[in-house]
Amino acid sequence: MNPDMLMMLGGGVITIIVLIVALMPGGDSQTLEKRIKRVSGMEEKPEKKQAAGPKVELKRSVKDSGIPFFDNFIKTALPNPEKLRNRLARTGMRMTISEYLLVTGLMIGIFFMLFHVIFGQKLLPSTLLSLMLGIWLPHVFIGMKGKKRCKEFIKFFPESIDAMVRGIRSGLPISESINVVGDEMPDPIGYEFRTIKDAVRMGRSLEDAMWDVAKRVDVPEYRYLIIALAIQKETGGNLGETLANVSEVLRKRRQIKLKIKAMSSEAKASAMILGALPFIVSIVLGLVATEYIMLLFNDPRGNILLGIAFGMLGFGIWIMAQMINFEI
């Protein structure tokens, strides 16, 4: 590697470090401490504060970074930043959009260096592959983390409704029953219900607080609970019996999903084997006949064949996934 390339790599690393430091939000601990004091009633009295100080803004900030220019870029350049913000919140990692875009840019740069510098590919295919992989991998990772968290939420969700039913039948109001679920159930159920409890204490209605959580927990089972509570609020009736029926329906849904998973396990195993077979054959050919397999990477015609092969493989995997995917 020549000195110019080393200087370029060093400059890129320094730029990434500067961006990470600049985009890190500052003063989070102080802001959190002030909010805790305000909610618990321990905030300083007005006469103890400076009279000439600026007016405190209690409205929650929705900034995605500490740089105004970057915030404006996110609002104008991204097609739907609110949807991306909800996808990130669904993972439970508390990652902002700026951090997500920074990771995406870093992945694009790593793949570009891998294809163009190490493997010696041409500029155009290296750029296209880097953009495709650098954007696709973080998107898939965020989606997998969100789905995993939603599955963990559904796992004990009927038991959470049963805990609410027991609280209501013992004489507790629905808000206190939700507090019991938040304190006793494991995360992420406990965390989300504690969020509802904190929002209600801050003055929001129970229904609005639950719909805010539905943006992060994008599962139909949770929306069934909100709709059941809304209908019972309008029509009246026995709330404990209504929630018990909802819990029974959710248990039956879970049983049907497990039965479908068991019946489609053979098809999933076949799809995994067929999807992994081309990569295994490529690795074996790379070890046995390196010059033969490298024609796919060094020759432009080989690059075209690789693109066609990946496209057909992805389309076949998508078809098999749709064949074993059932909506309940």
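Note: relative contact order over region 156-262, using C-alpha pairs below 8 Å and six or more positions apart, is 28 percent.
Between Val140 and Phe315, the distance separating the two model label sites (each 7 Å from Cα on the Cα→Cβ line) works out to 1.9 nm. Note on Met164, Met132: ascending count of other Cβ atoms within 10 Å places them as Met132, Met164, the fewest first. In this structure, the residue pairs whose Cα-Cα separation is over 19 Å, taken from Lys151/Lys215; Lys83/Lys261; Lys147/Lys257, are Lys83/Lys261.
Read-outs throughout are calculated quantities, based only on the coordinates presented, and are distinct from any laboratory measurement. Predicted, not measured: the structure shown is a model, and the values here were computed from it. Every residue, glycine among them, receives a Cβ derived from its backbone with ideal geometry; neighbour counts consider all protein chains shown.
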